[in-house]
Amino acid sequence: MTTETEPAAAQKPQIKEFQAETKQVLRLVIHSLYSHKEIFLRELISNASDACEKLRFEAIAQPDLMGGDSLNVTLTTDASAGTLSVKDNGIGMSEAEIIDNLGTIARSGTKKFLETLSGDSAKDAQLIGQFGVGFYSAFIVADKVTVLTKRSDAPAVRWESDGEGQYQIEAADKTDRGTEVILHLRDEDKEFLEAARLRQLVRKYSDHLSIPVVLKTGDESETVNQAKAFWTRPKSELMDEDYQAFYKHISHDSEDARVWAHNKVEGNIEYTSLLYLPKRAPFDLFDRDQKGGMQLYVKRVFIMDRAAELLPPYLRFMRGLVDSSDLPLNVSRELLQNNRTVEKIKAALVKRSLDMLDELAAKPAEYAEFWKTFGMVLKEGIIDDPANKIRIAKLLRFNSTAESSDAPGVTLEAYVSRMKSDQKAIYYLTADTLAAARNSPHLEGFRAKGMEVLLLTDRIDEWVAAHLHEFEGKTLANVASSAADVASAIETPEKAAAETEFKDTLDRLGKSLAGKIASAQVSARLTDSPAVLVAGEFGMSLRMGRILKQAGQDNPFATPPILEVNSKHPIVARLKDTADETAFSDLAHVLYDQAMLAEGGELDDPATFVRRVNRLIVEGLGAQPKIILS
């Protein structure tokens, strides 16, 4: 046989080193990366399918590349040789490409392919091999792997390795376009030569592929997958197990999905959507810049792997896909952002996602698990999605003074139903921890009056409360504020008299703590604590100020807090009776610092605070009568 590769074939094979710490990486792939040996077949078939999709994509610009071939993936077994072959008639690789893609661990051929595209093409083509380690899963079951590959415009190449640190590459006599991966199976893994086993694995992992997977045994060949996109099959044909298997395929999650929704929409806009709600969070859940987990297909052609335009950031935990007949094949990222059809699809997907959460919320135990995992992200919707703000608000869960459980379970609807007849607002308190919230001095007056207060401990809660503002006609009010509605809720008849009695003391406190507080006032909210710091009526909460400071941001709305004192507390009474200005200043600063600590704040000068407290303790001990032991 004469081929264009004969001159190269006469050369001696080249021995090359892998470009990585290969033994360690391959051991990681073989022993740690995959939990089941059978995964190797899914990875190799996915790679072969990618190769066919790459050819189909390039053929858009060069139709002659396809020729008359029907794209497919073929599995062939040879029991006598102990080999399993995975062959495709896709794009193939040149010698340089095979060195780049197989000779460097974790360099993805698909990723490289994307980098070579430009303009809209780079945005249109999004394929699945993003990590470049799937091929090496072959070594889980094979002690040697041979690859024969050929591009239409390049000589054929043979690549071979035992996965122990080196590979061999030489010219080959392959004449047809595509790639064949031949696995020399270990004795303990010969089960993968059995036709029934291969049939079962293909149907489990690759049934949805639009590329036919053909199993060749002897002289017989059969297509063993549906060769039809999973989501286009009638729901009546699909079992829960089918949906879960497909979820694991598109999400690479080892756990089942919690719930899913499969819908086909017809009319002015035609599309099919398949939405999954996972059980566990991805590692990058709190990265708002990550694009979410929705895939985009146009007429079953894979366009984007993580289409950010299909769901807003606060639903980035959702997984699934959309296949539309109404978007052009050459759709680009810019076009998606400005396409009215996509906006309509996005609105429908948001509604469907919230519908799923509404249904899940009817199962409190399951919803509690969801909320624990994804609740903080869902809260972002109050800020990001004003149109659905009330729907999202009904899905929120809170701790409150009426519930002792550490698991948030109070809804805004339940809170409103329990409100006192004369209560004007939904009261809440933000704190760094639930323990700090439950023990906050701000709650004392509300507890005394039997008023429920929501306890908010997530950093985002400050923004959530500010953007939600009201629910069912009731405004949200921070009990750590001196706002009029909060103050009136806990006003006491004795307060006016105490303000007159302590007027001079309050003036002295203002002077002693000048620069630290805006003013000092008698408190109606305190029953046990001597003092508390509250934000001014239009000022930012102290916790919000700390959050901005920790983030390195300036606070343009920063104003000193108000110090409220409990006129019935012995320390405040002692303060009133202290004539010595130095002693008064010490006690005033101790009250302020204690109130700051109770707020979760930091002291400007901890050492001076300790000295003042020690001095006061010593003075107190000196005032006690001596006990004489007989």
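Worth pointing out:
- Residue-level accessible surface for Arg612, protein heavy atoms, 1.4 Å, Å²: 50 Å²
- Entries of Lys372/Lys549; Lys54/Lys228; Lys372/Lys449 with Cα pairs more than 20 Å apart: Lys372/Lys549; Lys372/Lys449
- The accessible-area ordering, largest first, of the residues Asp219, Asp323 stands as Asp219, Asp323, per a 1.4 angstrom probe.
- When peptides 71-80, 171-180 are ranked by their average number of other Cβ atoms within 10 Å per residue, the highest-first order is 171-180, 71-80.
- Measuring only protein heavy atoms, the 1.4 Å probe finds Trp463 accessible over about 90 Å².
- Per residue, region 165-253 exposes 48 Å² of solvent-accessible protein surface, assessed with a 1.4 angstrom probe and all protein chains in place.
- Computed extension gain for Ala573 through Ala365, at 0.36 nm per residue and net of the alpha carbon distance, reaches 69.9 nm.
- Tensor-based shape of region 217-276 (alpha-carbon gyration tensor, a/c under 1.5 rounded, otherwise prolate or oblate): oblate
- Probe 1.4 Å, all protein chains present, accessible-area order of Glu95, Glu602, largest first: Glu602, Glu95
- Proximal charge balance of Glu266 [Cβ under 14 Å; K/R count +1, D/E count -1]: -1
- Heavy-atom accessible area per residue - region 560-602, 1.4 Å, Å²: 44 Å²
The values are calculated or read from the model by the stated rules, or taken from the named source; none is laboratory data. As the structure is a prediction and not an experimental result, all values here were calculated from the model. Every residue, glycine as well, gets a Cβ built from its backbone with ideal geometry; the counts of neighbours run over all protein chains shown. Accessible surface areas use protein heavy atoms only, side chains included; no ligands, DNA or RNA. Shrake-Rupley method; radii C 1.70, N 1.55, O 1.52, S 1.80 Å.
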